[in-house]
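Beneath this line is the structure, given in structure tokens, with notes to follow.
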Amino acid sequence: MTESLWAVAPLLQARFQQQLHREMRGFAEAYVNQLMKVEQVLALGCSPYERVPQRRGYRNGYQRRFLESRWGSLKLAVPRTRNTPAPFRSALLERYRRRQRELEELLC
């Protein structure tokens, strides 16, 4: 009986690590996407569907971007804006970079 348990233990451990890996990737994607939405709210000066005189532009959808991390490829939705004095750029993501250590340090 104990021999069969010892044979199964590495398989269970590998499956647990795979599941944990997937969960962490999902958490990292959701966290970074939410942070970029908050950045966009601060840049525009208003929340979605809010009509205020101090609005500094409008939301214009999202751009798909992939970022490599220790948990695999993160599928990010980078917010876009229009009619703004300067184009919206997230402080979390550098242009033309596919892997960022600072972002991984933030998540760990």
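Here, each number is a calculation from the coordinates, and none is a lab measurement. No experiment lies behind these values; they were computed from the predicted model shown. Quick reminder, even Gly has a Cβ in these numbers, built from the backbone with ideal geometry, and neighbours come from all protein chains shown.
Observations, loosely collected:
- Just one residue in the set 28, 14, 77 is surrounded by 14 or more Cβ atoms within 10 Å (Cβ to Cβ) and part of a helix (DSSP H, G or I); that residue is 28.
- Across the stretch 52-67, a minimum of one residue is classified as surrounded by 12 or more Cβ atoms within 10 Å (Cβ to Cβ) and closer than 23 Å to residue 105 by Cβ.
- Unmet requirement for residue 33, which otherwise passes all of (1) more than 13 Å from the chain's Cα centre (by Cα); (2) under 24 Å from residue 100 (Cβ atoms): (1)
- Condition met for residue 49 (free of Cβ contacts under 8 Å to residues at least 60 places away in the same chain, of a type in the set (Ser, Thr, Tyr) and either out of contact with any strand residue (DSSP E or B) (no Cβ under 9 Å at 6 or more places or on another chain) or in a helix (DSSP H, G or I) (or both)): yes
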